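S.K.: I'd like to ask some things about the structure below.
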Amino acid sequence: MQSRKLAVEGAIEFTPRVFPDDRGLFVSPLQEEAFTEAHGSPLFPVVQTNHSRSKRGVVRGIHYTTTPPGTAKYVYCASGKALDIVVDIRVGSPTFGRWDAVVLDQRHHRAMYFPVGVGHAFVALEDDTVMWYLLSTAYTAENELALSVLDPALGLPIDPGVEPILSERDQVAITLAEAERQGLLPDYATSQELERRYSGVPLAT
């Protein structure tokens, strides 16, 4: 498995080896040894898995979790094709306000790791796109927040030729600047401490 650090500090792309044959193929999208080597510590204990299916043009995000508790994610596209986007919304991060995007599909079978405190969005590029998530914390509705995926200051790569299909919550989500003004964004140092805890690394004293 190959790994690549993304433009957002702490986010990682993973590309596994694919084994095709006349029956189909075999692939392992998560390998702990490769993850530990790329991340520097073991994968977080998985508390919850999520599964979503979207038709072409659906845009989900930008979603994030209040920090604490914060959530780390490992995301894989099990069917279809998606443009997966990570956005650094951690105040004090060296890459605050930056984003990166990776195409997740059935050719390369890439996966993405999202560290605690960042924002996540994706665009479904095909019908029946299935996204699969491993999470370090359980879903709690009141801890889940959203930023506008159409925030012009971020300039995310949403195809201007496609009318994005957004949930009601995502349609009214605020901009990054407004969330920062309201004190709603995760703190970088706190996010780092929580990530170390979820990975089993002792917290700083």
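The values are calculated or read from the model by the stated rules, or taken from the named source; none is laboratory data. Quick caveat, the model's predicted, so the values are computed rather than measured. Because the Cβ atoms are built from the backbone with ideal geometry, glycine has one as well, and the counts that use them run over all protein chains shown.
S.K.: What strands (runs of 3 or more DSSP E) completely inside the range 1-77 contain at least 3 residues that are under 29 Å from residue 127 (Cβ atoms)? Write out each step before concluding.
M.R.: On the way: elements: 2-5, 12-15, 18-21, 24-27, 48-54, 59-65.
Filter on the range 1-77 gives 12-15, 18-21, 24-27, 48-54, 59-65.
S.K.: Go through the range 135-155 and give me each residue that's in a loop (DSSP other than H, G, I, E, B) and among the aliphatic types (A, V, I, L, M).
M.R.: Of the residues in the range 135-155, the ones in a loop (DSSP other than H, G, I, E, B) are 136-140, 148-155.
Those that are in a loop (DSSP other than H, G, I, E, B) and among the aliphatic types (A, V, I, L, M): 138, 149, 150, 153, 154.
S.K.: Quick test of your reading of the structure: residue 123 fulfils all but one of (1) surrounded by fewer than 19 Cβ atoms within 10 Å (Cβ to Cβ); (2) outside any loop (DSSP other than H, G, I, E, B); (3) not acidic (Asp, Glu). Name the failing condition by number.
M.R.: The single condition residue 123 does not satisfy is (1).
S.K.: Could I ask something else about it? Scan the range 39-62 and report the pairs whose first residue is closer than 19 Å to residue 161 by Cβ and whose second residue is charged (D, E, K, R) and part of a strand (DSSP E or B), with Cβ atoms within less than 9 Å and a gap of 6+ or a chain change.
M.R.: 54/60
S.K.: Take the range 156-198 and flag every residue that is touching a residue at least 40 places away in the same chain (Cβ under 8 Å), more than 17 Å from residue 143 (Cα to Cα) and assigned to a loop (DSSP other than H, G, I, E, B).
M.R.: Result: 156, 157, 158, 162, 163, 164, 166, 167.
S.K.: Going by the conditions given, is residue 56 out of contact with any Asp or Glu (no Cβ under 9 Å at 6 or more places or on another chain), surrounded by fewer than 23 Cβ atoms within 10 Å (Cβ to Cβ), at negative phi and among the basic types (Lys, Arg)?
M.R.: Numbers: out of contact with any Asp or Glu (no Cβ under 9 Å at 6 or more places or on another chain): no; surrounded by fewer than 23 Cβ atoms within 10 Å (Cβ to Cβ): yes; at negative phi: yes; among the basic types (Lys, Arg): yes.
Criteria not met by residue 56.
S.K.: Additional query: If you check every pair at least six apart or on different chains, which have Cβ atoms under 9 Å apart with a residue in the range 10-32 that is within 30 Å of residue 97 (Cα to Cα) and free of Cβ contacts under 8 Å to residues at least 24 places away in the same chain first and a residue that is in a loop (DSSP other than H, G, I, E, B) and among the acidic types (Asp, Glu) second?
M.R.: The qualifying pairs do not exist here.
S.K.: If I ask for residues that are assigned to a loop (DSSP other than H, G, I, E, B), in contact with a Gly (Cβ under 8 Å, 6 or more places away or on another chain) and crowded, with 17+ Cβ neighbours inside 10 Å, which ones from the range 94-120 would you list?
M.R.: From the range 94-120, those assigned to a loop (DSSP other than H, G, I, E, B) are 94-98, 105-110, 115-118; that's our starting set.
Still in the list and also in contact with a Gly (Cβ under 8 Å, 6 or more places away or on another chain): 105-106, 115-118.
Once the filter is applied, which keeps residues that are assigned to a loop (DSSP other than H, G, I, E, B), in contact with a Gly (Cβ under 8 Å, 6 or more places away or on another chain) and crowded, with 17+ Cβ neighbours inside 10 Å, the range 94-120 yields 105, 115, 116, 117, 118.
Yes/no per residue for (1) at pLDDT below 95; (2) surrounded by 17 or more Cβ atoms within 10 Å (Cβ to Cβ); (3) touching a Lys or Arg at 6+ places or on another chain (Cβ under 9 Å):
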position	(1), (2), (3)
128	no, no, yes
134	no, yes, yes
142	no, no, no
152	no, no, no
156	no, yes, no
163	yes, no, no
